[in-house]
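Step one of this worksheet: look at the structure below.
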Amino acid sequence: FFKENCVHKVYGNYPANYQIQTTALRGVQKGSSKSLAIVNETLFYKSRNAVCAYDGSLPTEISYVFGDVLYSDAVACGHGNKYYISMKDASGEYHLFVYDTSKGLWHREDNLAVKDFCSCRNELYYIPQNSPDVKTMFGSGTVDDNPIKWMAESGVIGMYTPDKKYISRLNVRMSLNIGTRVRFFAQ
């Protein structure tokens, strides 16, 4: 678990032998929790004064090329061998940077302010700060205007517990657009 000034690691395989080890190190900057992304088995994130790479031991700063400029409100995603991060500087201007992990190089793309990223099927999708639209980073993918169909299935609930407990109520919280249809099935 990352905090701004430390990391809590939980060890053990059942509650009686859980141990928590706290290590003081550069954690995730407050407001930059969306900056965590794994690229090639390394966790990248925005700390208070740097972008760090974490392999499980100690974080390593990889953003020394930014100089003395401090950034905040970072949102990032890993895609292929690259780490994409959108951050705000002290003047309030956003910047999109790309770190190529295979070459160890940073590239400044543009002033894109990103609310969320998603890497899926060889395409990097993002939602801009002031827009509800989903866009593609490379333009090779298409965003379908048709409704998204999906399902969630829980499996058997409660029948195999030692006390044969049963479910008396199931709460589902959703935020839906007008005209959306939802169907629930229980067996």
task = Return yes when ASP73 is part of a strand (DSSP E or B) and open to solvent by 40 Å² or more (accessible area, probe 1.4 Å) and no when it is not.
result = yes
message = Out of everything in the stretch 112-122 that is farther than 22 Å from SER32 by Cβ and over 16 Å from the mean Cα position of the chain (by Cα), what residue ends up being modelled with the lowest pLDDT?
response = ARG121
request  = Could you please find all residues in the stretch 1-43 being open to solvent by less than 40 Å² (accessible area, probe 1.4 Å), touching an Asp or Glu at 6+ places or on another chain (Cβ under 8 Å) and not in a strand (DSSP E or B)?
outcome  = GLY27, VAL28, GLN29, SER32
query = Condition test on HIS79, is it open to solvent by 20 Å² or more (accessible area, probe 1.4 Å), touching a Ser or Thr at 6+ places or on another chain (Cβ under 7 Å) and free of Cβ contacts under 8 Å to residues at least 24 places away in the same chain?
reply = no
note = Filter the stretch 87-119 for residues that are open to solvent by 60 Å² or more (accessible area, probe 1.4 Å) and free of Cβ contacts under 8 Å to residues at least 12 places away in the same chain; the one that is farthest from ASP73 (Cα to Cα) is LYS103
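The values are calculated or read from the model by the stated rules, or taken from the named source; none is laboratory data. Quick caveat: nothing in here was measured; it's all calculated off a predicted structure. Note that each Cβ is placed from the backbone with ideal geometry, even for glycine, and that neighbours are counted across all protein chains shown. These accessible areas exclude ligands, DNA and RNA; they are computed on the full protein's heavy atoms, side chains included. Shrake-Rupley method; radii C 1.70, N 1.55, O 1.52, S 1.80 Å.
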